Structures are given as structure tokens and as C-alpha cells.
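Please read the structure below before turning to the comments.
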Amino acid sequence: MIRTHTCGELNATHSTKQVTLCGWVARRRDHGKLVFIDIRDRSGFTQIVFIPNESGEAYKLAQELRNEFVVKITGLVNKRPKGTINEKLATGEIEVLAKELEILNPSLNPPFEIEEEAEITEEMRLKYRYLDLRRKRVFNNLALRSNLYKVIRAYLGSNGFIECETPILTKSTPEGARDYLVPSRINIGQFFALPQSPQLFKQILMVAGIEKYYQIAKCFRDEDLRADRQPEFTQLDIEMSFINEDDIFNLTEGLMKLILKELKNIDIKTPFPRISYKEAADKYKSDKPDLRPELNNDFAFCWVVDFPLFKYNEEEKRWDSEHHPFTAPADCDLENLEKSPEKVKSRSYDLVLNGMELGSGSIRIHRRELQQKIFNIIGIGEEEASKRFGFLLEAFQFGAPPHGGVAFGLDRLLTILSGENSIREVITFPKTSAAFCPLTSAPSDVGEKQLTELGITIKRRK
């Protein structure tokens, strides 16, 4: 390491010690014979003082320093004189008397102040995201994400789960939103799709005997955006074999309780309330009820259960799946599947937090004949089902166990935990509401050579 300490760890106990710090110049103040700078790294700030007869050449070089220069400073830790202690800083009782200064890299004048209170447009923040991420609030959101992942992995690992990765390049199997398609150069005219979720693969893993699977998964949906949506997002994906709804609820409630305790030092009560879809619609006029006033709690969880299995598509005069077509119907409603589909309840469930759908899941269909029956009801015949989902249907013929799972939007959870208003605030490199990245200018045009290799001709919109 080229530094002995970070900028946020020095205090009076380090007095008279020689230290080497590295970081960015946050402020520079020239008081005539004295030059002060605040040097910043991700841990905090330290005040540096340059004195002509003490700092020598370092004092002369300090005249060149400007905000966001990257520097290396060696000096002695001194207690600040009485009356100059800054109680707002962890390092506020000391300063470093500079002996050596090295400019590791100069900086252009930043397009905006790095200060927390600076007013900056979102477009500007995202264009210069590497500067925006130097701000403490933004960095803290990323640190919160990292700590959330640690808690998740520790909890699920201790409960016997295996973390498995599933493919990003996969088959197009639309699950309610448009797929992002990836053309194949090797197989001209054919396409991969980016997964809307690992749904089919996690069910395949249950057929494989994994029994307890999880993944912190990247998912992709080509849909119109809102504050709580991005074209790519992250979800915690969980699947289990030989279980029922209570097993999913108990596991989830234990995880959420631990997350709130570890990350916010808040104790929440379990079990969470369970509200039927009908009650939610009748009493709360929403299938995502916000129970904070009713429970007088800042983190009010509830389960919404007993959703209908189907919804009628008036435009196309047919039935659609309320959630997705792999959701099992309630056992007591199996006889109504074909003659009264509107009466069939599903074995699906949503987890709602503060009026926001945090996640959803279901007990899955694990028998081929029932799965094909559901496909038939929603207008997917055997030939189309085989074409789109044949690998899953085939797997069901080789001893598929009863199974179910749940998936949670981690970006949404982090938005609530951090007190932010948009998931863009908790994603490292988010897209705008127009699905555009100002940092990289993506999406962008590609050259004719690439298009030719892929067998693609672009038809421009007028």
C-alpha cells in the first residue's frame, strides 16, 4: 500500500505520528502564509496544512492544487489548536502537517460541485456518474447494496441453499413483457433473448434435485420505465422443492427480519399479515396495500394471497395468466379449470412493503399434463408450447418434484431501505427514464459491417 492510513481514521491517538494519505482534494483554502486542503477518500476527510518553513517544496507545489486533484501526502499528525476543532468530522480534532506532496493526477474543473448539497440535474449526474459516485450519499447507497448481499448470502447459506448461476443468453420465452433480443452471428436469422427472470431454469434446477437454490440475478425487460423500473434490474431469486406456501413465508420473513436488524437496527414483528386479494381490493382498493398507518410501523410488510389464476383479455377475447403460466392452481379449484376458469384461485403470493410490491412467487406446476392444460386455456396449443417451452415440459417427465419459489426486487428494497425515491439512486450505473445511458451514450448505432455479419438490415422509422 502506498498509504499508511485512510482519510477518515486519524484521531488524537495518532498525534506526532508520521502518516501517508492518498485521496482527492475536496477543498483548498489559501490563508497567505498557510495553505489548507481537505483530502477525501471513501472513508472521510482529513485536513492538511502546508507551512512554508515546515513543508518546504510541498508548500510551493500546494499552490497548484485544485479540487479533485489526486494527491499523496506524507506528514505529521498534530492536534488542532483549541477553538479550531471540527466536531462534525471524525478526524476533526487533528490535522496533518505536510512534509511531502505528490500530485498523482491533476483534474479538470468538475462540471458540478461534489458537495452533498449541490443541486445537479439527473442527466448531468448520470453523464458524469464517476463524479457523482464520489458524493457520500451516493457511495453509501452502494455500500448498503453490498451489505445487503452479504446478509442474503449468509442467511441462505446457513439454511442450506446453493447459489447457482443461470444463462444470460437464453431462449425467448415471453413472460409478460417484451424480451431484449440478441442476434446470433453463428446462426444467422436466429436470436437469443436476455432473461426476464430465471423462471424456467430454476424450475429445471428443481427437477435436477438441487432442492434449495438461490441467485442474485440480473433480469431484463423491454418495457416503458417508471421511477421503480429499469431495463435491467436485480432480483433475489429463490426456489425450493418439497415445500408449501408456509415454508416460503417463514423463510422470507426470517430473511427480512434479519435484513432490517443488520442494516437498519430495526426489529420487525413476524409473521407478516396475510391478506386475500379480494380483501385487499375491497378494503384497501389496491392489491399492494400500505399498512403503515394501520400498524403506526415504518416498514410494514404483508402477504397478498389467493389471487385469481386467470384474467380475461377483453381485447383478444381469451384468458391470460394473472402471474405467469407456471403458477399452480389451488387444489380445491382443479375441477373448475376448464368449465369456470374465472373461479380458479392460484397458489401465488405477493410480498408488499409500504405499498410497493417487493416480490412475488408461487407454488409451481410440476406435472406435464397439468401444465399443458393451463397452456390450452390461455391459448397456447401443444405445438406452440413445445416450441416455446419444450425443454421444461420434457424435464417434467423425468420425476419433477413439487416445488415453489419467490423473487424479490432488490433495487426496490434498497430504495426503501435508503430512503430514496427512485431505484436509479441505488443502482451503480442506471439508465434514464428513457432507457438511455448518458455516461456511455448507449444504446448507439453500430457499423454496417457488424449488421452485415448478423444478417440484419435496419429499417429507419420516418
Worksheet item: Out of the residues in the stretch 417-432 that are farther than 17 Å from GLN235 by Cβ and of a type in the set (S, T, N, Q), which is modelled with the highest pLDDT?
Response: SER418
Worksheet entry | Cβ-Cβ under 8 Å pairs, at least 6 apart or on other chains, the stretch 394-410 side without any contact (Cβ under 8 Å) to a residue 40 or more places away in the chain, far side outside any strand (DSSP E or B) and charged (D, E, K, R) | GLN397/ARG368
Fill in: Within the stretch 69-98, considering residues that are in contact with a Phe, Trp or Tyr (Cβ under 8 Å, 6 or more places away or on another chain) and assigned to a loop (DSSP other than H, G, I, E, B), the one nearest to VAL49 (Cα to Cα)
THR91
Worksheet item: Inside the stretch 300-322, can you point out the residues that are part of a loop (DSSP other than H, G, I, E, B) and surrounded by 19 or more Cβ atoms within 10 Å (Cβ to Cβ)?
Response: ALA300, PHE307, LEU309
Discussion item. What's the total number of residues in the stretch 13-65 that are within 25 Å of PHE139 (Cα to Cα), outside any strand (DSSP E or B) and of a type outside the set (Gly, Ala, Ser)?
Written reply: 2
Worksheet item: Given the conditions (1) part of a strand (DSSP E or B); (2) closer than 16 Å to ILE204 by Cβ; (3) of a type outside the set (A, V, I, L, M), and given that SER362 satisfies all but one, which numbered condition is not satisfied?
Response: (2)
Worksheet item: Somewhere in the stretch 20-39, is a residue closer than 30 Å to THR432 by Cβ and surrounded by 13 or more Cβ atoms within 10 Å (Cβ to Cβ)?
Response: yes
Fill in: Extreme residue, farthest from ARG137 (Cα to Cα), among residues of the stretch 413-429 that are of a type in the set (Val, Ile, Thr) and surrounded by fewer than 21 Cβ atoms within 10 Å (Cβ to Cβ)
ILE416
Discussion item. Considering only the stretch 315-334, I want to know if a residue exists there that is modelled with pLDDT under 95 and among the basic types (Lys, Arg).
Written reply: yes
Discussion item. Looking only at residues that are at negative phi and small (Gly, Ala, Ser) in the stretch 142-172, which one is surrounded by the most Cβ atoms within 10 Å (Cβ to Cβ)?
Written reply: SER172
Item to complete: Could you give me the residue pairs with C-beta distances under 8 Å whose first residue belongs to the stretch 433-462 and is over 27 Å from GLN230 (Cβ atoms), whose second residue is part of a helix (DSSP H, G or I) and at pLDDT 90 or above wherever it lies, and which are 6+ apart or on separate chains?
Response: THR457/LEU451
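The values are calculated or read from the model by the stated rules, or taken from the named source; none is laboratory data. Everything numeric in this text was worked out from a predicted model, so none of it was measured. Quick reminder, even Gly has a Cβ in these numbers, built from the backbone with ideal geometry, and neighbours come from all protein chains shown.
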